[in-house]
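One structure below.
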Amino acid sequence: MVTTIAGTGKKGHKDVEGTVAQFNLPCGIVVDGDGNFIMADECNHRICKITPQGHVSTLAGSGEMGYRDGEGTDAQFNMPDRLAVDGDGNLIVSNSGNHRIRKITRPSVHSGGHWRAELSRGRRDCCSVRLSVWSRNGRAWQHHRG
């Protein structure tokens with residue numbers, strides 16, 4: 001049985017409940033430690049969260065194409081497309097339009113609950129990106145795009 005979790009089928013942007021939400025080229029879905037789906041909304045230049053109850057919200061990205069580190073919607077992306085979760089629950093984003101790998105740090109009590117996007121220092125070859133993330137139980141997850 002295939003069912004729709006979120007999205008109307010029409011491109012756009014709406015942070016609302018499940019099937020009323022709108023995206024513009026959703027891709028790169030991962031599941032965080034709390035059971036939320038985290039998704040790169042590529043052409044809306046945002047990272048979205050879908051809760052187990054179906055509520056959709058913008059986790060990071062202003063929706064304006066660009067590059068800026070910052071908290072939540074103060075950050076900017078240019079066509080984010082792939083995601084991974086590291087062992088500390090931070091998100092690693094392949095920000096293809098900016099030719100960068102970005103890290104969105106998991107909110108802490110001290111940050112007021114905001115996710116923070118920043119450049120993740122690492123190796124980036126000309127036309128390929130390789131992300132390797134180790135989970136706490138020792139399993140390796142790898143994504144290669146080339």
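Worth a mention:
- Using the average count of surrounding beta-carbon atoms within 10 Å as a protection proxy, the listed peptides 58-69, 35-46 rank, highest first, as 35-46, 58-69.
- Per-q log10 I(q)/I(0), the stretch 25-75, q = 0.18, 0.21, 0.22, 0.31 Å⁻¹ (Debye; single scatterer per alpha-carbon; no solvent): -0.54, -0.71, -0.77, -1.17
The numbers here are math on the coordinates, done by the rules we state, and not lab data. Here the structure is a predicted model, which means the values were calculated and not measured. Reconstructed Cβ throughout: ideal geometry from the backbone, glycine too, with neighbour counts over all protein chains shown.
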